[in-house]
Each structure stands twice: as C-alpha cells, then as structure tokens.
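**Q** Starting off with a structure, shown below.
The values are calculated or read from the model by the stated rules, or taken from the named source; none is laboratory data. On a predicted model such as this, the values are computed, not experimentally measured, just so you know. Backbone-built Cβ (ideal geometry, glycine too); neighbour counts: all protein chains shown.
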Amino acid sequence: MAKHTIVTMPGDGIGNQVLPEAIRVLDAVGFEAEYVHADIGWECWIKEGNALPERTLELLRRHKVGLFGAITSKPKKEAEAELTPALRGKGHQYFSPVVAVRQKFNLDVCTRPCLSFPGNPLNFIRKKPAGGFEEPKVDVVVFRQNTEGLYAGVEWTNPPQAVRDALSTNTKFKPFEKVAGEDLAISVRIITRPAARRICEAAFQHARKFGYKSVTICEKPNVLRETSGMMEDAAKEVQKQYGDIPLWSTNIDAQTMWLTKNPEDYGVIVASNLFGDVISDAFAGLVGGLGFAASGNLGEEVAVFEPTHGSAPKYAELDPPIVNPIAMVLSAAMMLDHVGENAQAEQIRAAIAAVVAEGKVRSYDMLRIPGGPQSLAQGAASTMQMTDAILAQLGSHVEAAVGVV
C-alpha cells in the first residue's frame, strides 16, 4: 500500500508535459505514492463553465497534498467567447482556479525559493570594478501572502451605487465621482492583520530554521499607507519574537532595482500578494527564470505545489516537448519536504545541481535560443532528455551511496 496519496492536476498546456516528468523523478528516488488525477483549468471552463470542479476540491479535501502543472487564463470577454455554445450567456464567470484553490483551502502562505545553481548560464553576473565578472550566490526565499490583497477578487466595472456611495466617504474618491459607471473599474486591496501576521511568522520561522541572516518586508507604505502599513506593522510585531534576526524594510519599486545590484545581501523576503508575486518573479530572473521557479501553497490542512510558469500554449503542441521541467521537479522536491521525505528531496536537488554544473544537457532557455521545433536541432535538450539527465545523476548518487561506484 502506498505511503502517500498525491492529487495530480496537470491543468493546461505544458502542465501536461512537465508534471509526468516530475513523477518520473519521484519514482526514481523511491517515493511511495499513489497519484490521483484531478481535472482543472481551461478545458473544464469550456465544457462545464467552471475551471475548478467540485470533484477536484473533494479530492484535495480528502488527500491534502496536490501537485499542479499550469493553467491558461484569458480576459473576461475571451473566456466567455470560448465557452461551449450551450453555456454562453448563462452568467458563468471565469476565475483563476489556482487562486480559487488558495482561497477555498486558505493556502495563505506561499513560499518561493530562488536559488542559483552554479554553472547555470542564466545566473546573474556583474562586472567587477577592476574588470572581469563575478557571479554572486543568490539564495532568497520569498514569502507571499497568498489569499488577500489585489488578488482577493473584489472588483467591479460599473460599480453599484452602494459601492460608489461608500467610496465617496473618502475624500480621495472625489476626482472620480463624476466618472460614468461603464468607464470606472475598481479593484479592492484587502489586507487583514491575522493573515499579515501569519505570513510574517512563517517568514521568520523559515529564516531561523535555515539560518538566513535577515527578513525583509517588501511593501509600499509611503503610498499605500493603510494596507502596506498594516503589513509592515505586522512584520515589526513578529520580529520582536526573533531578536536575533533583523528586519529590513524596502519599497517594492526600489527593491526591483536593488535586487540587480546586490542580490546576495537578501535572505527571506515577505510581501503581500501582488508584491510577492512581482518580487519572486524578479528574483527568479536572477537564477534561471521561470524554468527554475518552484513554489508551495501552504494551509493548515491542504498544500499544493506548483511551478510558477504559465501554460505556454505556443509550446504545448510541440512533439517532442522542449520546455524545461526543472521548475516542476523542484516543486515536487518541495512537496517531499512537506510530507517529511527530506532525504529524497535533497537527492533531487543534488541531481539537478549536478546536471546544471556539468553543462552537457541544457534546455533551450538555458542555451539562450528561441524556443520552437528548431531548438532541438540547435542543441537544446527536450523535456524528456532533461529529465533523463536528472535520473542519470540520481542513479549515480544512489550507486555511490551503496558503494557500487
């Protein structure tokens, strides 16, 4: 009988290509699991008018741990147009199923490690004052509040009069009072103190557990005085319990500049939803881009692990597939840590590090060439070949561990 049950949600596009590769790697390290498929994403939307069916939610409720690939999201009018004809005009509204999963299970802690692997040609480098280049080690973990902020989904175009009346109680709304409803779109940024405190606590706990030298709260309190102000207040309160770990404070705009000046100075970064999304992608760009960007969405009962890249539909039909599976494999390693299989997770990360350092097998993004069917002819590894290289390294490590080599 399998030791674990994992809900697999390939989703759309390249999610269907990279998730099976991650399972190949999990099998290779001896992870004992039963994988239960769950439907999610664009095909569900088209056929059912719901990108996140109740049957998928029930599987997550039952089994608690999920691996997710990628989903396609399109603007409101395009989403409506692609519904099967029988569902059009019935009031169905598309909402990101990933965001919905986070909110339904209160997966409010998102953790996104951004770690540079030596030898990766995509790593950040900078010029030395005396000439030549240096490649600082980047080891940053972004803690993103995952359920609130501008992603809460509280929005209107042509807001009802009650909303306009409420907004009019704030003098800052006065310039917009005469704007016609159909010309007015509003998104509400919602921050609650309990959620702000939880994400800050998770950040400091991680910093202490893994020896990071600082936690940085990355917000914009000089402009977003109430919402970013609450995030910063929560960070300061939590820091009092961790006197040995200093709290730094940066504005999101300034941070995007500083991360390309001195990225090695940062350890753990904590931010609200949108800012955490932005800064984690920015740091991911210093360590290989979205092909290396993994994440975990953590709640009190349910956890879902996913690469941060999208569904990349322009690559989804290529045969053989060319996308880099490392982000998905690293997400699977994060899942192993979550379920207590830390040794297996470390084996996977060590194998990836060895493949990158060796430099013999590289996906098109690592070769800095355009993606497409021609990339394989230019020396890029296919998705499966990259996984094969990881498996080969895993085999070498296992043989070494038992004294075969």
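**Q** What helices (runs of 4 or more DSSP H) completely inside region 195-289 contain at least 1 residues that are surrounded by fewer than 17 Cβ atoms within 10 Å (Cβ to Cβ), more than 23 Å from the chain's Cα centre (by Cα) and of a type in the set (Val, Ile, Thr)?
**A** Fully inside region 195-289 and qualifying: nothing.
**Q** Can you tell me which of (1) surrounded by fewer than 18 Cβ atoms within 10 Å (Cβ to Cβ); (2) at pLDDT below 95 is the one Pro118 doesn't meet?
**A** Every condition holds for Pro118 apart from (2).
**Q** Turning to a different aspect of this structure: Checking the conditions here, which among Ala343, Ala353, Ala327, Ala332 is in contact with a Gly (Cβ under 8 Å, 6 or more places away or on another chain), under 30 Å from Leu298 (Cβ atoms), modelled with pLDDT of 95 or more and of a type in the set (A, V, I, L, M)?
**A** Going through Ala343, Ala353, Ala327, Ala332 in turn, just one is in contact with a Gly (Cβ under 8 Å, 6 or more places away or on another chain), under 30 Å from Leu298 (Cβ atoms), modelled with pLDDT of 95 or more and of a type in the set (A, V, I, L, M): Ala327.
Rundown of residues vs (1) of a type in the set (A, V, I, L, M); (2) farther than 23 Å from Glu346 by Cβ; (3) at pLDDT below 95, yes/no style:
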{"residue": "Pro10", "(1), (2), (3)": "no, yes, no"}
{"residue": "Val18", "(1), (2), (3)": "yes, no, no"}
{"residue": "Ile23", "(1), (2), (3)": "yes, no, no"}
{"residue": "Ile40", "(1), (2), (3)": "yes, yes, no"}
{"residue": "Arg55", "(1), (2), (3)": "no, yes, no"}
{"residue": "Arg61", "(1), (2), (3)": "no, yes, no"}
{"residue": "Ala70", "(1), (2), (3)": "yes, yes, no"}
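**Q** Could I ask something else about it? Go through region 361-382 and give me each residue that's surrounded by fewer than 23 Cβ atoms within 10 Å (Cβ to Cβ), closer than 28 Å to Gly30 by Cα and of a type outside the set (Gly, Ala, Ser).
**A** If the condition is that a residue be surrounded by fewer than 23 Cβ atoms within 10 Å (Cβ to Cβ), closer than 28 Å to Gly30 by Cα and of a type outside the set (Gly, Ala, Ser), then Val361 is the only one that fits.
**Q** Further, regarding this structure: Would you point out which residue out of Val323, Val329 is in a helix (DSSP H, G or I) and in contact with a helix residue (DSSP H, G or I) (Cβ under 8 Å, 6 or more places away or on another chain)?
**A** Unique residue meeting the criteria: Val329.
**Q** Can Lys74 be described as surrounded by fewer than 18 Cβ atoms within 10 Å (Cβ to Cβ) and under 21 Å from the mean Cα position of the chain (by Cα)?
**A** Answer is yes for this residue.
**Q** Could you tell me whether any residue of region 123-130 is under 29 Å from Ala351 (Cα atoms), of a type in the set (A, V, I, L, M, F, W, C) and free of Cβ contacts under 8 Å to residues at least 24 places away in the same chain?
**A** Yes, region 123-130 contains a residue that is under 29 Å from Ala351 (Cα atoms), of a type in the set (A, V, I, L, M, F, W, C) and free of Cβ contacts under 8 Å to residues at least 24 places away in the same chain.
**Q** Right, something else. State which residue pairs qualify: first residue under 17 Å from Asp233 (Cα atoms) and in the same structural domain as Ser272 (by TED's automatic domain parsing) and inside region 203-216, second residue among the aliphatic types (A, V, I, L, M) and modelled with pLDDT under 95 in any location, beta carbons under 6 Å apart, and separation of 6 or more residues or different chains.
**A** Filtered contacts from region 203-216: no entries.
**Q** Kindly indicate whether Tyr151 is closer than 30 Å to Gly288 by Cα, modelled with pLDDT under 95 and not basic (Lys, Arg).
**A** Spelling it out, Tyr151 is indeed closer than 30 Å to Gly288 by Cα, modelled with pLDDT under 95 and not basic (Lys, Arg).
**Q** Oh, and also: Do we find a residue being buried (at least 20 other Cβ atoms within 10 Å of the Cβ), touching a strand residue (DSSP E or B) at 6+ places or on another chain (Cβ under 9 Å) and at pLDDT 95 or above anywhere in region 167-190?
**A** No, region 167-190 contains no residue that is buried (at least 20 other Cβ atoms within 10 Å of the Cβ), touching a strand residue (DSSP E or B) at 6+ places or on another chain (Cβ under 9 Å) and at pLDDT 95 or above.
**Q** If you check Val138, Val142, which single one turns out to be under 21 Å from Asn324 (Cα atoms), outside the structural domain of Tyr364 (by TED's automatic domain parsing), surrounded by 14 or more Cβ atoms within 10 Å (Cβ to Cβ) and under 21 Å from the mean Cα position of the chain (by Cα)? Spell out how you get there, then give the answer.
**A** Values: Val142 fails: under 21 Å from Asn324 (Cα atoms).
Criteria check complete, one pass: Val138.
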